[in-house]
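Colleague: Take this structure, written in structure tokens, and hold onto it; I'll ask about it next.
The values are calculated or read from the model by the stated rules, or taken from the named source; none is laboratory data. For clarity, every value in this text was computed on a predicted model and none was experimentally measured. Here the Cβ is made from the backbone with ideal geometry for all residues, glycine too, and neighbour counts use every protein chain on show. In case anyone asks, the SASA skips ligands and DNA or RNA and just uses the protein heavy atoms, side chains included. Shrake-Rupley method; radii C 1.70, N 1.55, O 1.52, S 1.80 Å.
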Amino acid sequence: MTALSPIERAAIDRIADAPILAQTEAWVAVNSGTRNLAGLAAMADLLADAFAVLPGAVALIEPEPVDAVAADGLAEPIGHGRHLHLAVRPEAPVQLLLTGHMDTVYGADHPFQQGRWLPDGTLNAPGAADMKGGLALMLAALRAVEASPLAGRIGYTVLINSDEETGSLSSRALIERVARGKIAALTYEPALPDGTLAGARGGTGNFSLVVQGRSAHAGRNPDEGRNALVAAADLAVRLAAAKTPGLSVNPARIDGGGPNNVVPDMAVLRINFRPHDADAIAAAQAALDAAAAAVAADRDVRVTVHGSFNRPPKPIDAGAARLFELVRSVGADLGIPVSWRATGGVCDGNNIAACGVPVVDTMGARGGAIHSVEEFLIPESLPERAALSALTLLRIAEKGTL
């Protein structure tokens, strides 16, 4: 254990006085589901005002255009909110990246809209852990760093996107752009309730397979039809068989069909792949190509594949191991046990790591039951995790490296 320096103790004292919980409570009161553009606009404005206390100019960046396949098989543009960007001391020799997301999985019409305190002292609220608590503690950590005499030794970029929960499709290029030249990144997804961090992550790919058949009367001339629904089901079965220990395959939904007396001529299969490594991505792509070609030939239908592997697997390489060890040692000096384990979940940390930047992507609050109405935040973890971030940044500033 290393004794904390006076600079580090001053940062912790500053964090202890920061209104992190109050800020979290205010932010969870704003519905910012990924598709709620009005709510995202309101949330972006709140965040811009809050992060404006840091040096550098806050900008709200327009999303990249994104299309999605509708139930009728047509690709249509879908709207996204703006992304918050802040660059502080971009001329500094040591550059870091801090990322988070303002969107939640709870839409404007979702019944989970209000926060409440539970008997065990946790806060049950939409987005409390994932990740408005994380955004609030990120800001508190940065304010503590800026008050330190070491602040001038590092520069950093803050990126808070509006579409992480749906794959960051409108912000992926922005993430890749701001990751360039950074020696490390911290992302504020929630840690587990006991503080365990996510280590290695698998990847993910989401696809919509549009099947175009031929309609016919189900009683008079069914053999003249080409049943798109049956073909989509055939695709689902073939692709499910591609599952291996290193590749999870989840056929999730088929859109299509119609009246019982009509052979359906359109169906859309929605499917998710979770590859553990690059070889699994190649295997999944080969399975997709083979199944689409085989079903098209066997069923006399047209199959069009939309989608991509939008988040590559994230292994723990040497750079990531050094960053994890730094966070672990900081935690030890703060009396916070830090451990990590592999997970099948994905986040923007996958894309950051794919740019060659070491990243710890669960620097947010401790909590659990995310993506459910039981989502909870452990409030005492807010200053705890803010201190963990601030001291990690200060030690990088002091050393000038990992």
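Colleague: Could you please let me know if residue 192 is within 30 Å of residue 387 (Cβ to Cβ) and surrounded by fewer than 18 Cβ atoms within 10 Å (Cβ to Cβ)?
Modeller: Judged against the criteria, residue 192 is a match.
Colleague: Okay, next question. Where in segment 27-106 are there strands (runs of 3 or more DSSP E), lying fully within it, with 3 or more residues that are open to solvent by less than 10 Å² (accessible area, probe 1.4 Å)?
Modeller: The strands (runs of 3 or more DSSP E) meeting that bar are 83-88, 94-101.
Colleague: Using the structure shown, decide if residue 129 is crowded, with 23+ Cβ neighbours inside 10 Å, out of contact with any Asp or Glu (no Cβ under 9 Å at 6 or more places or on another chain) and within 27 Å of residue 390 (Cβ to Cβ).
Modeller: Against the criterion (crowded, with 23+ Cβ neighbours inside 10 Å, out of contact with any Asp or Glu (no Cβ under 9 Å at 6 or more places or on another chain) and within 27 Å of residue 390 (Cβ to Cβ)), residue 129 does not qualify.
Colleague: Here's another thing I want to ask about it. As an exercise: evaluate residue 149 against (1) under 18 Å from residue 354 (Cα atoms); (2) outside any helix (DSSP H, G or I); (3) open to solvent by 10 Å² or more (accessible area, probe 1.4 Å); (4) out of contact with any Gly (no Cβ under 9 Å at 6 or more places or on another chain) and give the number of the one condition it does not meet.
Modeller: If we test residue 149 against (1) under 18 Å from residue 354 (Cα atoms); (2) outside any helix (DSSP H, G or I); (3) open to solvent by 10 Å² or more (accessible area, probe 1.4 Å); (4) out of contact with any Gly (no Cβ under 9 Å at 6 or more places or on another chain), just (1) comes out false.
Colleague: Could you figure out which of (1) in contact with a Leu (Cβ under 9 Å, 6 or more places away or on another chain); (2) at negative phi isn't true of residue 56?
Modeller: (2)
Colleague: Let me ask something else. Among the residues of segment 257-269, which ones are open to solvent by 50 Å² or more (accessible area, probe 1.4 Å) and assigned to a strand (DSSP E or B)?
Modeller: Across segment 257-269, the qualifying residue is only 262.
Colleague: Six or more apart or on different chains, Cβ under 6 Å: which pairs go from a residue in segment 194-218 that's part of a strand (DSSP E or B) to one that's surrounded by 18 or more Cβ atoms within 10 Å (Cβ to Cβ) and basic (Lys, Arg)? Could you list them?
Modeller: Listed by first residue and then by second, the contacts come to 201/314; 204/274; 204/311; 208/270; 214/226.
Colleague: Also, quick follow-up: Of the conditions (1) among the hydrophobic types (A, V, I, L, M, F, W, C); (2) touching a strand residue (DSSP E or B) at 6+ places or on another chain (Cβ under 6 Å); (3) open to solvent by less than 50 Å² (accessible area, probe 1.4 Å); (4) outside any strand (DSSP E or B), residue 321 fails just one. Which one is it?
Modeller: (2)
Colleague: While we're looking at this one, here's another question. Quick one: what pairs do we get from segment 5-25, first residue farther than 24 Å from residue 43 by Cα, second crowded, with 17+ Cβ neighbours inside 10 Å and modelled with pLDDT under 95, C-beta under 9 Å, 6+ apart or different chains?
Modeller: From segment 5-25, no pairs qualify.
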